[in-house]
Amino acid sequence: MTADLRAMTLDQAEAFALAQGWPRFRGEQVWRWVHDRGVRTFAEMTNLSAANRDAVAAVATLGGLTLAEAQVGKDGTRKLRFVTHDGSSIESVLIPDADRDGKTTICISSQVGCAVDCQFCATGKLGLKRNLDTSEIVDQVYLSKRLLAEAAPERRLTNIVYMGMGEPLHNYDNLVQSLRILTHDKGAGFSPRRITVSTAGLVPKLERLGGEDVRPNLAVSLNAPNDAIRDLIMPINRKWNIAALLAALRAYPLAERRWITFEYVLLAGVNDSVGHAGELARLLRGMKAKVNIIPWNPHPEAPYERPTAAAIDAFQNECKRLGFPTYLRTPRGDDIDAACGQLANRSNGEAIVPLRIRRTGPPPPPPVD
Ligand code: SF4
């Protein structure tokens with residue numbers, strides 16, 4: 001059986017090398033090619049002799065994805081469709097930062113579809129097909145980095161949000177493994193402060209995440225100021241209600257100067273009144289919390305309407321008046337169905353041209369064979 005190098009941490013790659021009877025440094029050598037340099041084949045590992053490359057290829061694989069399509073929105077947002085080894089499609093979204101020069105966030109998926117079934121979300125309507133494995137999660141980042149280097153070299157990937165298709169905490173082990181890989185300073189080297197995991201509120205897994213050695217920022221998809229509304233639009237609330245969710249979040253060991261982000265999708269006539277804003281403020285009182293208000297991004301799979309501009313303003317003003325931080329999220333990539341809650345493998349049929357391979361980053365370590 002072959003082992004997937006793209007799914008390993010550095011420690012695991014070193015242990016793997018020793019288990020093969022190779023020197024420990026061979027583990028780091030191949031791991032860095034995969035996770036720092038982002039190579040796609042063993043042939044690109046040019047500081048190994050041909051014989052050693054063949055030896056590695058005989059016992060290891062490089063799992064991951066194939067980039068099948070990229071659509072570019074009017075605001076520069078890119079929706080990427082990847083195909084898995086078993087023919088499923090998943091999506092990621094590259095979002096250029098509007099304010100900060102060159103900075104770009106990638107929104108990645110953790111599952112093929114999703115089981116949580118939030119009523120306003122297009123992904124939820126797909127149902128769950130399967131969890132993504134670790135290499136399929138990290139490869140969204142690596143392939144996006146290559147695409148950016150080709151298509152927009154002035155931009156760089158600076159932030160990762162686990163807010164694409166799927167509930168990351170339903171794929172807990174692969175989530176945590178991917179976080180360990182992506183934050184290692186000898187690999188992709190993302191600071192945990194630049195990574196956000198978004199959850200619909202799986203209370204036991206939130207408690208477990210709080211005890212991990214790598215702890216990202218937390219975003220919670222709240223979307224309602226009380227259980228009556230949340231029960232209707234997020235069935236998961238019937239299992240873990242708002243009180244249970246907030247108790248878990250209050251106990252979450254937040255690092256200094258970190259806040260929990262609450263996502264609040266604003267649905268006309270459902271959760272968007274000034275009274276709801278007041279309820280929300282009371283609910284979150286005393287927490288290190290900020291609220292992202294997301295006016296609903298329409299799609300054909302759900303019966304809701306986007307609130308009027310006046311209703312959105314009134315909701316946000318009431319939140320501000322009551323003294324807690326809110327941010328109005330402008331939809332990004334909504335013209336290509338890439339905005340929040342719209343990911344459902346819809347395509348405009350524009351296939352991408354194959355990527356040329358371009359090396360980025362520092363030169364590889366010196367040859368040792
Ligand atoms: S909002 Fe997130 S958790 Fe809810 S159905 Fe959509 S992908 Fe799943």
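Quick rundown of the values:
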read-out	value
Given LYS79/LYS186; LYS79/LYS103; LYS79/LYS145; LYS125/LYS145; LYS103/LYS145; LYS290/LYS320, the pairs whose alpha carbons are separated by over 19 Å	LYS79/LYS186; LYS125/LYS145
Qualifying lysines (Cα of each under 21 Å from Cα of LYS205; at least 8 residues distant if same chain)	LYS129, LYS239, LYS288
Ranked list, fewest to most other Cβ atoms within 10 Å of each Cβ, for TRP240, TRP259	TRP259, TRP240
Additional length obtainable on full extension of the chain from PHE25 to ALA68, 0.36 nm per residue less Cα span	12.0 nm
Exposure rule at most 12 other beta-carbon atoms within 10 Å, DSSP loop GluC sites (Glu not before Pro): the chain longest free segment	1-153
The chain, helix-only ellipticity at 222 nm - DSSP H runs n ≥ 4, -39,500 (n - 2.57), divided by all residues, nearest 500	-9000 deg cm²/dmol
Residues LEU5, LEU179 arranged by fewest to most Cβ contacts within 10 Å	LEU5, LEU179
Sparse-neighbourhood loop sites, trypsin sites (Lys or Arg not before Pro) in segment 42-92 - DSSP loop, at most 11 other Cβ within 10 angstrom	LYS74
Relative compactness, the chain, computed as alpha-carbon Rg over 2.2 N^0.38 Å	1.03
For segment 256-262, Karplus couplings with θ = phi - 60° (6.51, -1.76, 1.60), whole Hz, Gly/Pro x	4, 6, 10, 10, 8, 9, 9
Residue order, fewest to most beta carbons within 10 Å, for ASP185, ASP11	ASP185, ASP11
On Cα atoms only, tilt of 242-251 relative to the major axis of the chain in degrees	50 degrees
5 angstrom amide H check on ALA60, placed H, neighbours 5+ away	ALA3
Separation of alpha-carbon centers, segment 206-228 and segment 236-263, rounded to whole Å	5 Å
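No value in this document is a laboratory result; all are computed from the given coordinates. Small disclaimer: the values here were computed from a predicted structure and weren't measured. Note: ideal-geometry Cβ built from the backbone for every residue, glycine included; neighbour counts use all protein chains shown.
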